[in-house]
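A short write-up of the structure that comes next.
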Amino acid sequence: MTSDDRKKTFLKGYEQGLRDALNEVMRLAAQGYSAVELGVLVKSKMAVLHRSVETMEGRLDSGEHKIDPAGREHAPRITQRAAYIVREAKPDEVFEILRSVEKAGSRALCVTRIHPNDLVERHKLEGAHYLWLTQSTERPKAKNVQHASPTNLVALISAVDQFLKIGGDSAVALEGLEYLVSQNGFEATMKCVQQVNEKARGHGAYLFVALDPKTLGEREYGLLAKEIGNEV
């Protein structure tokens, strides 16, 4: 490993550590703790910080997490059927995670702003179903692709529900949340995510929500993180 590689690895870890710390503070703040209570909680967590480091070390040794020489963390193993925020500036990891659970036998649905053809080419999700969020009049001809207006959240929720009702192991990836917020506002989009999450939970399905935390305010991200419950 060159000095530049070591520098990149260190900076990547440093950045991720700051992100995790700030996200934890936002999560606690969203739960209604006062400034004094937050201070006590943060101090208590800092006192046992070494345990978190030891836990991560064990996950690295077991292969659950892998990091390449450039400092990029590979997709963590998803161990339970639940909802997850996939934190990333560009939506790539969320589709890799979806592809991994699809290979394990789950039916996959991508609710996405990205054209389905691009996702098939880039992430090899040939067997997935797609709900393409666009105002375009273009109508995809593929049987596994549906067209959805980003302002019709009721239809979006209904389409996800119909997919889940077919049965079997299922997984839903929601990409383009920032786009939905720009079209509908945060409150309406939040209600949509809540309903999709409830339906996924009711059917025992995975739900992966791709999001760059920087695109939302602290309050909004805190509410979303509290609703979803898990972050990767």
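No lab work stands behind these numbers, since they all come straight from the coordinates. Keep in mind it's a predicted model, so treat the numbers as computed, not measured. Cβ coordinates were reconstructed from backbone atoms using ideal geometry, including for glycine residues, and neighbour counts include every protein chain displayed.
Out of residues 5 or more away from Leu216 or on other chains, whose amide H comes under 5 Å of its own, with H placed 1.01 Å from N in the peptide plane?
Residues meeting the criterion, in which the H sits 1.01 Å from N, do not exist here.
How would you rank Phe208, Phe186, Phe10, going from fewest to most other Cβ atoms within 10 Å of each one's own Cβ?
In order of increasing Cβ crowding within 10 Å: Phe10, Phe186, Phe208.
Provide the three semi-axes, in whole Å and in decreasing order, of the ellipsoid equivalent to segment 83-228 as defined by the square roots of 5 times the Cα gyration tensor eigenvalues.
Over the Cα atoms of segment 83-228, the ellipsoid semi-axes are 21, 17, 16 Å.
Would you please give the residues with an amide H less than 5 Å from that of Arg107, counting only those at least 5 places away or on a separate chain, with H modeled from the backbone geometry?
Result for Arg107 returns Asp169, Ser170, Ala171.
Please give the contour-minus-distance gain from Leu22 to Ser149: 0.36 nm per residue of separation, less the Cα-Cα distance, rounded to one decimal in nm.
Between Leu22 and Ser149, full extension yields an extra 42.3 nm.
Contour minus end-to-end for Lys214 and Glu178, with contour as 0.36 nm per residue of separation and end-to-end as the Cα-Cα distance?
Taking 0.36 nm per residue and subtracting the Cα distance, the gain is 11.9 nm.
Taking 0.36 nm per intervening residue step and subtracting the Cα-Cα distance, what contour gain separates Arg113 from Glu227 on full extension?
38.8 nm
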